[in-house]
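Coordinate-derived values only; no laboratory data. What you are looking at is a predicted structure, and each value in this text was computed from that prediction instead of being measured. FYI the Cβ positions are ideal-geometry reconstructions off the backbone, even for glycines, and counts take in every protein chain you see.
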Amino acid sequence: MALAHAAPAQVIDIQPSGTKSTTARTTVLIKTKSLEVIRMVVPAGERHSKHHVPGEITVQCLEGHIIFGVNGIPHDLKAGQMLYLSGGQPHDLESVVDSSVLLTILLGKHDSSDACNDEYAQQHAGCDTKSGGASNTA
């Protein structure tokens, strides 16, 4: 069963989860042909190996502290901070403390299945890799 995504003009709560951080889950909030918005919940010490997506992305730390590596250069992101990447830029992520991140991906003319090119996305974003190729079913 596919998760329900937000409808146009629907208000979405992205406030920090605070004491609920141990039960909060990564959720795809919005998914269209050209845009995907994901609230990632990243426990302390979790690491996402280097990967890329074809479209531009923004990464906003909602709570906690992450280290977001871009082309091998680490960037500290704490609550309230964000960064932007051009499409195709290799990046990785490590959570210093329990954190949540708002990830926005512009899919545009790119194939949205490319967003499933790393192990984390395959496990958490509803990517189907059993069919011989990655396809996003979220």
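Taking H placed 1.01 Å from N in the peptide plane, check which residues at least 5 places from L107 or on another chain put their amide H under 5 Å from its amide H.
L35, E36
At what distance in nm do the modelled label points of I14 and I73 sit from each other, each positioned 7 Å from its Cα along Cα→Cβ?
For the pair I14/I73, the computed spacing is 2.5 nm.
Please list, in chain and number order, the residues 5+ apart from L93 or on another chain whose amide H is under 5 Å from its amide H, with Hs placed from the backbone.
H48, G69
Report the label-to-label distance for L83 and A7 in nanometres (one decimal), using points 7 Å from each Cα along the Cα→Cβ vector.
3.8 nm
Using modelled backbone amide H atoms (1.01 Å from N, in-plane), which distant-in-sequence or interchain residues come within less than 5 Å of D98's amide H?
Amide H to amide H, under 5 Å and 5 or more residues apart or across chains, D98 pairs with A44.
From the phi angles alone, apply the Karplus equation (6.51, -1.76, 1.60; θ = phi - 60°) to segment 44-54 and give each ³J(HN,Hα) in whole Hz, x where the residue is Gly or Pro.
These are the phi-based 3J(HN,Hα) values: 3, x, 6, 10, 10, 5, 4, 7, 8, 10, x Hz.
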